[in-house]
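Take a look at the structure below.
Taken together, the values in this text are just the output of simple stated rules run on the coordinates, not laboratory data. Note that the structure is predicted; figures quoted are calculated from it, not measured. All Cβ positions, even for glycine, are placed from backbone atoms using ideal geometry, and neighbour counts span all protein chains on display.
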Amino acid sequence: MPTIPTALGRGLLGRCPICGVAPLFAGFLRVRDVCPHCTAPVGLARADDAPPYFTILITGHVVVPLMLLLERAQQPPDWVMAAIFVPLTLVVALGLLRPIKGATVGLMLMLNLLKPNAEAP
């Protein structure tokens, strides 16, 4: 059983958080039900709304300061700002979404596996 940082790293890379060999995703964001290599139930780890939240948080903290710096330094027209920052925002958000979801699935899977059994005396 890997440590939590190892599972997070494997998830960031899009690999199974348990074995690190098989791909975690069956599509762009669809998590496989079971790892084809180690048969870990990776589909049971629910990421829910955490990946979009962290993606928006990070994207906003990258793009907004850049916009403010460019506005203060050059004062370009609005169409130039839109031409630069709309594509930049899309690229950053879409580039971060899958690794963040993989890390979240790895964390949730490890927390579920480390959870004490409620039926034990």
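Hey, any hits in segment 41-53 for a residue that's under 20 Å from Leu113 (Cα atoms), among the basic types (Lys, Arg) and surrounded by fewer than 17 Cβ atoms within 10 Å (Cβ to Cβ)? Yes; the residues of segment 41-53 include at least one that is under 20 Å from Leu113 (Cα atoms), among the basic types (Lys, Arg) and surrounded by fewer than 17 Cβ atoms within 10 Å (Cβ to Cβ).
Of the residues making up segment 90-119, those that are over 20 Å from Arg15 (Cβ atoms) and either in contact (Cβ under 8 Å) with a residue 24 or more places away in the chain or exposed (fewer than 10 other Cβ atoms within 10 Å of the Cβ) (or both) number 7.
Kindly establish whether Pro87 is surrounded by 10 or more Cβ atoms within 10 Å (Cβ to Cβ), in contact with a helix residue (DSSP H, G or I) (Cβ under 8 Å, 6 or more places away or on another chain), free of Cβ contacts under 8 Å to residues at least 12 places away in the same chain and more than 29 Å from Pro2 (Cα to Cα). So Pro87 fails the test. The listed residues are Arg72, Arg46, and the only one of them that is among the basic types (Lys, Arg) and in contact (Cβ under 8 Å) with a residue 24 or more places away in the chain turns out to be Arg46.
Hey, among the residues in segment 24-40 that are touching a residue at least 24 places away in the same chain (Cβ under 8 Å) and in a loop (DSSP other than H, G, I, E, B), which one's farthest from Pro99 (Cα to Cα)? Among those residues, the one meeting the criterion is Ala40.
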